[in-house]
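Notes to accompany the following structure.
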């Protein structure tokens, strides 16, 4: 598999709805995964692919910012790489709140195990208060936004370990 | 044509007192599959909530304080504001029965008579997969309260009409107004709702004062778009603003 093919494949994965593609042939293994926080599947991320084959190459296992690269799991002290995470993203522009009303306990905290459908935050937009349900089950690894701060459409709000 | 049965107010509960009818109804919904349109009224709301850190203060037994739950079908988040417009117009319709064109909507969802606040709404939506699946709507209307000591910008029906109302009768009329607007919403008459809402705004086609990051400016409201953004005519340009970006001064 040459660089061009890999490039094409990365483009394909980036555009498609799939989150992860793994190809294994002739002792060569290539894994492409859409990073839920930083989209790294761009042409720039091809640089590491030039290292000699056959080696396991993970083009997207190193996000560009340090915040999500490795997060230590507080219970097991086992490092967790971001490729296993799911992110809950903001479905709208608005203001992010961690609790239903000022002074009320937060909907969720780091370390909580939640079921799909659990309310994780409120986003206020146009004076409408929107309780956001999680699309995934799992353990809350990180809360990425400060309470009462503005959020953009599609901005990652929570990192969830689906295996947690 | 046979009239369809009402949705809003189809089921009705009344309790003497609670902290907040929105909160109580939301708690009930977690354990009971209440039908759409269920209304919960209380005579005394001890910790009525307004927007954010604001509270809704109401003298016991004097005013209408209630909440209603709706389960809109297939309502995309981008259209969430249209439901707000429909409900706000329902209250507007009820009030214009008494005060005609003195009633104005202060964007995005307060109701004023002669520039004083008479009613407020608190929308709490549940979002699943980019859709609004549940809407708990808290409504407070100042009815028979005689004095608003620390609230110079508040007013009641009594203050304006010098006449006490039977709250239960008024609630029936109000719910009918809300139901009619919700019917329009369910029929997908979004543009009709948007245009009527726009025309009813305080400052519609009139110079009005606004603040953007503490800087004041004057502009005319041309209406809102479906997302609820306010269209302002500033000089020669038309700009759209979200509620976070600008404040309208009034009163």
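The values are calculated or read from the model by the stated rules, or taken from the named source; none is laboratory data. Just so we're clear, the structure is a prediction, and the values are computed from it rather than from any experiment. When we count neighbours, we look across all protein chains shown, and the Cβ atoms used for this are built from the backbone with ideal geometry, even at glycine.
Things to note:
- Residue list for region B:99-110, filter: within 10 Å of chain A (Cβ to nearest Cβ) and part of a strand (DSSP E or B): B:110
- Residue in region B:123-134 that is out of contact with any strand residue (DSSP E or B) (no Cβ under 8 Å at 6 or more places or on another chain), modelled with pLDDT of 95 or more and not assigned by TED's automatic domain parsing to the domain that holds residue B:241 present: no
- For residue B:250, the criteria (1) within 14 Å of chain A (Cβ to nearest Cβ); (2) crowded, with 16+ Cβ neighbours inside 10 Å; (3) part of a loop (DSSP other than H, G, I, E, B) hold in every case but one, which is (1).
- Filtered residues of region B:57-76 (kept if closer than 18 Å to residue B:124 by Cβ and part of a loop (DSSP other than H, G, I, E, B)): B:71, B:72
- Just one residue in the set B:96, B:88, B:24 is more than 11 Å from every other protein chain (Cβ to nearest Cβ) and farther than 27 Å from residue A:135 by Cα; that residue is B:96.
- Residue, nearest to the other protein chains (Cβ to nearest Cβ), within region B:219-243, restricted to residues that are touching a residue at least 60 places away in the same chain (Cβ under 8 Å) and farther than 17 Å from residue A:124 by Cα: B:224
- Per-region count, region A:122-148, residues within 12 Å of chain B (Cβ to nearest Cβ) and more than 24 Å from residue B:22 (Cα to Cα): 2
- Every condition in (1) at pLDDT 95 or above; (2) more than 18 Å from the chain's Cα centre (by Cα) is met by residue A:104 except one, and the failing one is (1).
- For region B:156-240, the helices (runs of 4 or more DSSP H) that sit wholly inside it and include 2 or more residues that are crowded, with 19+ Cβ neighbours inside 10 Å are B:167-186, B:190-199.
- With respect to (1) at pLDDT below 95; (2) over 20 Å from the mean Cα position of the chain (by Cα); (3) within 26 Å of residue B:227 (Cα to Cα), the lone exception for residue A:75 is condition (3).
To keep it simple, each residue is scored yes or no on (1) in contact with a strand residue (DSSP E or B) (Cβ under 9 Å, 6 or more places away or on another chain); (2) in contact (Cβ under 8 Å) with a residue 24 or more places away in the chain; (3) closer than 25 Å to residue B:194 by Cβ.
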position	(1), (2), (3)
B:6	no, yes, yes
B:24	yes, yes, no
B:69	yes, yes, yes
B:77	yes, yes, yes
B:84	yes, yes, yes
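- For region B:86-110, a residue qualifies if it is without any contact (Cβ under 8 Å) to a residue 24 or more places away in the chain and either surrounded by 22 or more Cβ atoms within 10 Å (Cβ to Cβ) or touching a helix residue (DSSP H, G or I) at 6+ places or on another chain (Cβ under 9 Å) (or both), and the qualifying residues are B:96, B:102, B:110.
- Condition broken by residue B:54, with the remaining ones in (1) under 17 Å from residue B:137 (Cα atoms); (2) within 14 Å of chain A (Cβ to nearest Cβ); (3) at pLDDT 95 or above satisfied: (3)
- Hey, residue B:9 in a loop (DSSP other than H, G, I, E, B), at positive phi and in contact with a helix residue (DSSP H, G or I) (Cβ under 6 Å, 6 or more places away or on another chain) or not: yes
- Checking each residue in region B:13-45 for being in a loop (DSSP other than H, G, I, E, B) and more than 20 Å from the chain's Cα centre (by Cα) picks out B:32, B:33, B:34, B:35.
- Residue list for region B:111-130, filter: more than 9 Å from chain A (Cβ to nearest Cβ) and either closer than 18 Å to residue B:39 by Cα or assigned to a strand (DSSP E or B) (or both): B:111, B:112, B:113, B:116, B:117, B:118, B:119, B:120
Matching residues to (1) at pLDDT below 95; (2) within 19 Å of residue B:75 (Cβ to Cβ):
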| position | (1), (2) |
| --- | --- |
| B:160 | no, no |
| B:172 | no, no |
| B:185 | no, yes |
| B:191 | no, yes |
| B:195 | no, no |
| B:201 | no, no |
| B:220 | no, no |
| B:228 | no, yes |
| B:249 | yes, no |
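- Those residues of region A:101-121 which are facing another protein chain (nearest Cβ under 8 Å) and within 17 Å of residue B:133 (Cβ to Cβ), in sequence order: A:117, A:119
- Of the set (1) over 23 Å from residue B:121 (Cα atoms); (2) touching a residue at least 60 places away in the same chain (Cβ under 8 Å); (3) within 7 Å of chain B (Cβ to nearest Cβ), all apply to residue A:92 but (1).
- Filter pass, residue B:76 being within 14 Å of chain A (Cβ to nearest Cβ), closer than 17 Å to residue B:21 by Cβ and surrounded by fewer than 16 Cβ atoms within 10 Å (Cβ to Cβ): no
- Test result for residue B:57, under 16 Å from residue B:196 (Cβ atoms) and either touching a residue at least 12 places away in the same chain (Cβ under 8 Å) or touching a helix residue (DSSP H, G or I) at 6+ places or on another chain (Cβ under 9 Å) (or both): no
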